[in-house]
Amino acid sequence: MSAASPALQIEQRAPLREHNSFGLPAVARTLVRVASAADVRRVVDHPELGRARKFVLGGGSNVVLTRDVADVVLKIEIKGRRLAAETPDAWIVEAGAGENWHALVAWTLDQGWPGLENLALIPGTVGAAPVQNIGAYGVELAERFESLDGVDLVTGRGVTLDGAMCRFGYRDSVFKHELAGKTVITGVRLRLQRPWRPVLGYLELERKVAETGNTHPDARTVFDWVCAIRRHKLPDPATLGNAGSFFKNPVVSAEQCRDIIGRDPEVVHYPLPDGRMKLAAGWLIDACGWKGKSVGRAGVYEKQALVLVNRGGATGAEVVTLARAIQESVYGRFGIRLEPEPVIL
Ligand SMILES: Cc1cc2nc3c(=O)[nH]c(=O)nc-3n(C[C@H](O)[C@H](O)[C@H](O)COP(=O)(O)OP(=O)(O)OC[C@H]3O[C@@H](n4cnc5c(N)ncnc54)[C@H](O)[C@@H]3O)c2cc1C
């Protein structure tokens, strides 16, 4: 394939194992390294790349590659971060989509702009954060979001979306629906509210407060707590391939929840503002006896049943077979269909 512009970095038959946190083997027929919004427009205008189907890849920490990828893979490597504005009630921080998310969180704290500490150590890039509205320890991206810039993959036109336009939901946004595969996010702006207030309502953070007796932790302390909790309970993809939580926590009606509690009084559940109940998917999987089990070289993490892992040399097909077997047992026992969180390709 000939490049329209020498500036576009195009690779043929690019191995993807290093580009996905599960460490799954797959090859991209064509991979383009995208370093700017202008690169995205060059791809759109390119005589061959422009017409081809495309898959946008950030850090690959929320994908399961089950096969070689025929779509043109756009590997997002847009860098840059700055304070875009400072007002009496907020710092507005802007970052390129290819920046590492955790490095951004640490950098904002170093600059004295707190607010992202509960979202520390989430792997992946800034540009992917709005796609599934990343969340952890009582905070979702949507609560710290100002706006984002993107490029339409059909027209090459630049777009700017505010929070309402992104239609954020639980691990959900417009980028998983109407705009799926249609828009490349090139930059994100975050609103860090002043004065800063810690978010400590999550059970494991409440425990840290109780253990340490520190009832007024600063943002750096919350960051350290979140990192310590995560390191203890989640496998590091560098040593044990995984994509974090494999299933979303299912939401059921209050009546269905009462029914399950009747049979399984221990079921972990949280009330939602609309009266429905969110169930802990990890608990449901554990209750079906999956913790520590394997199918081929794919397994269920010993410390957290919600995390599926690559025990070494697993294929995407093995991961999907394991995931389906788990879905079937959870459905058989609880009548609940677990929905995968990562994108299965
Ligand atoms: C150990 C571990 C822990 C995790 N913990 C959490 C957690 O606590 N909370 C949480 O929410 N998630 C968690 N995740 C999931 C993952 O880290 C997030 O979903 C993250 O935002 C994915 O970023 P990425 O750059 O790796 O995206 P990728 O995996 O590369 O892509 C994910 C999706 O986003 C799309 N995408 C990526 N970049 C762009 C872009 N610039 N424009 C448009 N679309 C794009 C892709 O096409 C794909 O559909 C965890 C994962 C791991 C491995």
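Remarks
- Residue within the stretch 290-313 that is part of a helix (DSSP H, G or I) and small (Gly, Ala, Ser) present: no
- Selection status of Phe55, among the aromatic types (Phe, Trp, Tyr) and in a strand (DSSP E or B): yes
- Of the residues in the stretch 110-121, at least one is touching a helix residue (DSSP H, G or I) at 6+ places or on another chain (Cβ under 6 Å), within 10 Å of the ligand (Cβ to nearest atom) and open to solvent by 30 Å² or more (accessible area, probe 1.4 Å).
- Here Ala28 passes the criteria (1) crowded, with 20+ Cβ neighbours inside 10 Å; (2) of a type in the set (Gly, Ala, Ser); (3) in a loop (DSSP other than H, G, I, E, B) except the one numbered (3).
- Residue check: Cys166 meets all listed conditions (1) in contact (Cβ under 8 Å) with a residue 40 or more places away in the chain; (2) more than 11 Å from the ligand (Cβ to nearest atom) but one, namely (1).
- Within the stretch 154-177, the set of residues being over 15 Å from the mean Cα position of the chain (by Cα) and not charged (D, E, K, R) comprises Val154, Thr155, Gly156, Gly158, Val159, Thr160, Leu161, Gly163, Ala164, Met165, Cys166, His177.
- For the stretch 255-287, taking the residues that are assigned to a loop (DSSP other than H, G, I, E, B) and open to solvent by less than 40 Å² (accessible area, probe 1.4 Å), the one that is farthest from Ile229 (Cα to Cα) is identified as Asp264.
- Of all residues in the stretch 288-303, exactly one satisfies the criterion of being surrounded by 17 or more Cβ atoms within 10 Å (Cβ to Cβ) and at pLDDT below 95, namely Val295.
- Within the stretch 45-101, the residues that satisfy the criterion of being within 11 Å of the ligand (Cβ to nearest atom) and open to solvent by 20 Å² or more (accessible area, probe 1.4 Å) are Lys54, Phe55, Val56, Gly59, Ser61, Asn62, Asp71, Lys75, Glu77, Glu99, Asn100.
- Flag if Ala128 is assigned to a helix (DSSP H, G or I), within 13 Å of the ligand (Cβ to nearest atom) and open to solvent by 10 Å² or more (accessible area, probe 1.4 Å): no
- Annotation note: Cβ proximity below 8 Å between a residue of the stretch 319-345 that is over 20 Å from Ser294 (Cβ atoms) and in contact (Cβ under 8 Å) with a residue 40 or more places away in the chain and a residue that is open to solvent by 30 Å² or more (accessible area, probe 1.4 Å) and among the aromatic types (Phe, Trp, Tyr) (sequence gap 6+ or interchain) occurs for Arg337/Tyr331; Leu345/Phe55.
- Hits in the stretch 309-343 - residues which are over 23 Å from Leu279 (Cα atoms), open to solvent by 50 Å² or more (accessible area, probe 1.4 Å) and either basic (Lys, Arg) or within 15 Å of the ligand (Cβ to nearest atom) (or both): Arg311
- Flag if Phe247 is buried (at least 18 other Cβ atoms within 10 Å of the Cβ), under 28 Å from Glu318 (Cα atoms) and among the aromatic types (Phe, Trp, Tyr): yes
- Test: residue in the stretch 215-225 that is in a loop (DSSP other than H, G, I, E, B), open to solvent by 90 Å² or more (accessible area, probe 1.4 Å) and of a type in the set (Asp, Glu): no
The values are calculated or read from the model by the stated rules, or taken from the named source; none is laboratory data. Because the structure is a prediction, the values reported are computed rather than measured. Cβ: placed from backbone, ideal geometry, glycine included. Neighbour counts: every protein chain shown. Just the protein is used for accessible areas: all its heavy atoms, side chains included, with ligands, DNA and RNA removed. Shrake-Rupley method; radii C 1.70, N 1.55, O 1.52, S 1.80 Å.
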